[in-house]
């Protein structure tokens, strides 16, 4: 009996000790690995998507800065950044992908103002493309430095054009011209009396509304951001054109058609459809070149996104910011300076993910011709399109996710024929304005 | 120290690691989330107290141009979607029971069938969802291909089209009448358990009257019924691409996965726990298979039915995230977005933690009420041995 008691006591103590030790060990491990240390080196953590180019970028930097070690913390989703910031283990350099997030972080006082460092470290902010301003400034402060960018262009399959006897499009072409070409390139086959699409002339995604909102000079929001202006005639006209592309002329696939045309049967995006020649033209950014250039039998080129009376295209980028709580600010700035440096920008130029953000003749020359990919003869177009490129609009009075949810819901109803384009625009305006009114009345929704 | 005290201490010792983990990772966060539901917290700044504001913004309505409009423009639509998707629960349970009854037969190789029916539960969820997305594809999906194939054969000539439509009408009418009958039986049963008695024969009269009404309606709208059925077979729907079909499609898919999964295993275990002596006694009293089921099996497995119902309600209200994320993106027109998906978006995409906590506590409150109601009703109808 007494022996059993001793055993029970021993087990009790062992249980408590093991449980507590486990919890402490996990805690110590998490804290220790959050900011790794290396003797004689300053380690900085770079939160950005784990693109294969990162390794080369880090290697290039560490070659010239042996006392700094850069670790790519893969992924820079806002959840990850916020958790790290809240847990007081901030990244040293973090990527932010859209102007509204930049403004959100800056508004909440998270981002370091880089203005004092611009002169000290000679950061060439003045040589960045002017259209990248929303990625750089917040209320006069410099809160981000974009390393690369990409205006949306139109990729087209040259082989399909040749086979259809359609001349290749030229930069500056219009939406009406594009529609005529798309009609010629759209192909169906008959299956038991049913017309089944084999190829569509053009792919425009369900979220690509900016081209059509801006097509006739319209805007989603008023200049002060307090009113949604989706119901203006300029926007309605553009949305009508967009709807006609799909519902009247059938030159762009519906969601179901896109899925059924995909070689995988149900999934895969526009890039896959383009690579498989199921769509002849596709609007996207420079980053798709990485996929397309690897497919040797794909003969493709780029041309400007068609335009209406208002010539404009969408601009995508990301910026690098430093949190105020960063523990290695000088090293982080040094790294950002390196990212804007000639060698790194040339790396970006050759890689294909985007175009360099510096408007520097030496760098742009390298971007225009990459001897490894001699078929990419039209890279200059990306540079030229920067004149027309514009970042997506946002209002500080409504979260972009709410805007996207409303747009997608009511545009879905339009695609399903449940409401006309004009009705969709009216409903979207009314719903977005209702949220803006609520948010203005209760600023808690605006954080 | 006395022996009993030592044993108690040992028990606490063994429980301690789990208890610490539970406190640290479950209990404390749950309590904190309740507090957070009354605060505004965007993670950047310290939370501050806002009282009931999150709940009024989430649940309440206001007047706009004379119309009653929800304060939250999305929430009630997502609640409706969630409840709609939960309507498959009773059918799924009935299906699981039927499969379990089949799997309970003493046949050679029954273990293989049990394994096959359990397979959906062990397969990768995402892979299955992609597979179903393919099956449901409007143009190349297997389901529409089969429907079209049948339609092309049948609706080629009126000689086959009319009898086929008549069979469809019969099937539709009988199914609808059966459904009405089942609902009325359930109501009568529940009423009986709560000591409200229906007049003798009322159930039969009501069922027959509804059946007659259904068949009269089919007859009256015969032409419309014909064009509806022929339209369905010649040009089948875009299952996941239309607001009308997206939710029913997801329910059907859920039934496939749910029939042979854990619910079947639970029912199988319950069926195998019913003493054979009860069946023998029933046989001696002259009971047939149907009577044996209603008089012996059903009451004996009622605790399992009750457990599955409660768990399904809990799971149903918490579900929908993976489906929305992988298959439909919550569309079309938000018709497959559930409350759980909205909770995720609010917390981890919009960083409105206080509001998200209010959503979480709303879900908890609904589950609690539904469970209590089920418990209250179930307590009266469940038979414990």
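Inside 10 Å of the C-beta atoms of B:145-157, what's the mean count of C-beta atoms belonging to other chains?
1
I'd like the distance between the alpha-carbon centres of the range A:107-181 and the range A:330-370, rounded to an integer number of Å.
Between the Cα centres of the range A:107-181 and the range A:330-370 lies a distance of 14 Å.
Report, please, the projected area of the protein assembly as shown averaged over directions, based on the convex hull of its C-alpha atoms, in nm².
48.4
How large is the helix-only mean residue ellipticity at 222 nm for chain B, computed as the sum of -39500 (n - 2.57) over DSSP H runs with n ≥ 4, divided by its residue count, in deg cm²/dmol to the nearest 500?
-22500 deg cm²/dmol
What is the Cα coordinate range of the range A:360-447 on the first, second and third principal axes, sorted by size from largest, in whole angstrom?
Principal extents (Cα only, largest first): 55, 36, 20 Å.
In a Gaussian network model over chain B where Cα atoms closer than 10 Å are linked, find which of B:183, B:89, B:98 has the largest mean-square fluctuation.
The residue that fluctuates most here is B:183.
Can you put B:27, B:65, B:124, A:256 in order, fewest other beta carbons within 10 Å first?
B:65, B:124, B:27, A:256
Using the beta-carbon distance between residue B:285 and residue B:83 and R0 = 35 Å, what value does 1/(1 + (r/R0)^6) give for FRET efficiency, to the nearest 0.05?
Approximately 0.25, to the nearest 0.05.
Could I have the simple spin-label model distance between residue A:183 and residue A:89, label points 7 Å from Cα toward Cβ, reported in nm to one decimal?
6.1
Which value, in nm² and rounded to one decimal, describes the direction-averaged projected area of the C-alpha convex hull of the range B:159-241?
Averaging across all directions leaves 7.6 nm² for the Cα convex hull.
Going by a ≥ b ≥ c, the root eigenvalues of the Cα gyration tensor, does the range A:55-204 fall in the rounded group (a/c under 1.5), the prolate group (a/b larger than b/c) or the oblate group?
Prolate.
Determine the calculated [θ] at 222 nm for chain A from helices alone, applying -39500 (n - 2.57) to every DSSP H run no shorter than 4 residues and normalising by the residue count; nearest 500 deg cm²/dmol.
Result for chain A: -13000 deg cm²/dmol, rounded to the nearest 500.
Identify which of B:21, B:354, B:254 has the largest mean-square fluctuation in a Gaussian network model of chain B, with springs joining Cα atoms closer than 10 Å.
B:21
Give the average, rounded to an integer, of partner chain Cβ atoms located within 10 angstrom of each Cβ in A:16-28.
Taking the mean over all residues of the peptide, I get 2.
Restricting to the protein assembly as shown, what percent of DSSP beta bridges are antiparallel, rounded to 5?
Roughly 70 percent of the DSSP beta bridges within the protein assembly as shown come out antiparallel.
How much of the DSSP beta bridge set in chain A is antiparallel, as a percent to the nearest 5?
65
Sticking with the crude label model, points 7 Å out along Cα→Cβ, report the distance from residue A:293 to residue B:162 in nm, one decimal please.
The two pseudo-label positions are separated by 6.9 nm.
Take chain A, connect every pair of alpha-carbon atoms lying under 10 Å apart with a spring to form a Gaussian network, then pick out the residue of A:133, A:120, A:237 with the largest mean-square fluctuation.
Evaluated over chain A, the most mobile residue of the options is A:120.
Once you order the gyration tensor axes a ≥ b ≥ c over the Cα atoms, which shape class does chain B get: rounded for a/c under 1.5, otherwise prolate or oblate by comparing a/b with b/c?
Oblate shape, in that a/c is at least 1.5 and b/c is the bigger or equal ratio.
Determine the shape class of the range A:308-347: with a ≥ b ≥ c the square roots of the Cα gyration tensor eigenvalues, call it rounded for a/c under 1.5, and otherwise prolate if a/b is greater than b/c, oblate otherwise.
Oblate shape, in that a/c is at least 1.5 and b/c is the bigger or equal ratio.
Taking the 0 to 90 degree range and rounding to the nearest ten, how far is the long axis of helix A:233-243 tilted relative to the main principal axis of chain A, both from C-alpha atoms?
Approximately 90 degrees, to the nearest ten.
Any read-out appearing in this document is the output of simple, stated calculations on the displayed coordinates, not a laboratory observation. None of the values given here were measured: they were computed from a predicted structure. As a convention, Cβ positions derive from the backbone with ideal geometry for all residues, glycine included, and neighbour counts pool all protein chains shown.
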